[in-house]
Structure formats: C-alpha cells, structure tokens
Amino acid sequence: MKFSELHAGMVIKHPPRIVNQDEMLSFAKAYDPQWFHTDVERAKGGRWEGLIASGWLTCGIAMRMAVDAALAGSESFGSPGLERLRWLLPVRPGDALRLEATVDSVRVSSSRDDLGIMRWTWRVFNQRDEQVLEVEATSLFDLAAGE
C-alpha cells in the first residue's frame with residue numbers, strides 16, 4: 001500500500017492466523033525463556049492455567065500482519081518507535097489472531113517534504129473477538145522513493 005493511499009480513519013485488516021504451540025515454545029526458548037512460556041507441564045498449574053505465548057511473539061505476529069496488509073510494497077523505511085503497547089489477554093496455542101489497524105493520522109513532515117509520517121493503532125483479536133494486543137505505532141515513509 002502506497003503512502004498516498006493511506007488516510008486517517010481507514011481500517012486495515014489482516015485475516016486470522018493460527019498460533020501453534022511449537023512456534024510459541026521455540027520463540028520463548030530463544031527470546032523469553034520464562035517458565036509460563038516454555039514449560040507446558042508447569043504452566044498447567046500456574047496463574048494462567050496453561051501455556052501462554054510471549055507478548056513479544058504476539059508483537060512479532062502483529063508486525064508480520066501489518067507488513068503483509070499495508071507496508072509491503074510501500075515506501076515505508078522504519079519507525080521511530082511506539083507510543084503505547086498493551087498485552088490485554090494471554091495468547092494460547094491454537095488461537096487464531098487477526099489484525100485491525102486504524103490509521104490515526106497521515107501527514108508529510110513539516111521540515112522535510114520527502115518524509116511521510118503515519119500514526120496508527122494496531123488491535124489484535126483472537127477467535128472469540130477478544131482483544132489481546134494494542135499498539136500505537138508510527139511508521140515513516142520515504143516519499144522520494146516513489147518518484
């Protein structure tokens with residue numbers, strides 16, 4: 001999606017994607033090796049009553065969906081960061097996650113006419129339409145690249 005196609009208020013969606021236990025365990029063992037993400041048996045007796053995905057895996061899945069739904073093929077070249085990140089509910093093996101990203105604002109930089117700035121809020125829902133993640137992000141676009 002090109003920068004010129006983006007406008008405030010639009011909602012960009014990505015269809016559901018299943019999270020499986022193997023990817024949860026693999027990610028957690030490499031990057032977030034807390035027992036409630038890595039030990040299936042111990043997690044059954046824990047606060048969450050079962051294995052839950054690392055929130056960072058959930059963020060990675062959301063990022064992939066945002067790229068597939070909007071950023072691939074665009075002039076996007078990075079982000080200065082996030083304003084807010086919230087993990088609202090745990091993600092479990094077999095959950096089907098989908099993305100709804102609302103474009104909050106789109107503008108050309110006041111100091112650089114070749115820099116596009118989009119602020120958007122990503123909301124990720126499971127198969128029960130429960131929101132599991134919310135991220136307020138900023139994406140940067142190289143408008144000279146489209147020439």
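Where a number appears in this text, it was derived from the coordinates with a stated rule and is not lab data. This one's a predicted model, so the numbers in the text were calculated from it and none came from an experiment. For neighbour counting, all protein chains shown are included, and Cβ atoms are generated from backbone atoms with ideal geometry for every residue, glycine included.
Odds and ends about this structure:
- Cleavage-rule hits, GluC sites (Glu not before Pro), region 18-93, DSSP coil, Cβ neighbours within 10 Å at most 16: GLU49
- Helix 55-66 and the long axis of the chain differ in direction by around 40°, with both axes built from C-alpha atoms.
- Debye intensity ratio in log₁₀ form over the Cα atoms of the chain, taken at each q of 0.14 Å⁻¹: -0.69
- Database remark: amide H of ALA8 closer than 5 angstrom to the amide H of VAL106 (H placed geometrically; neighbours at sequence offset of 5 or more, or on other chains; Pro and chain starts carry no H).
- Applying the criteria of a DSSP loop state and at most 13 other Cβ atoms within 10 Å to the chymotrypsin sites (Phe, Trp or Tyr not before Pro) of region 71-147 yields no site.
- Residues HIS7, HIS37, sorted so that the one with the fewest Cβ neighbours within 10 Å comes first: HIS7, HIS37
- J(HN,Hα) series, region 32-41, from Karplus relation 6.51 cos²θ - 1.76 cosθ + 1.60, nearest Hz, glycine and proline x: 8, x, 8, 4, 6, 9, 10, 10, 4, 5
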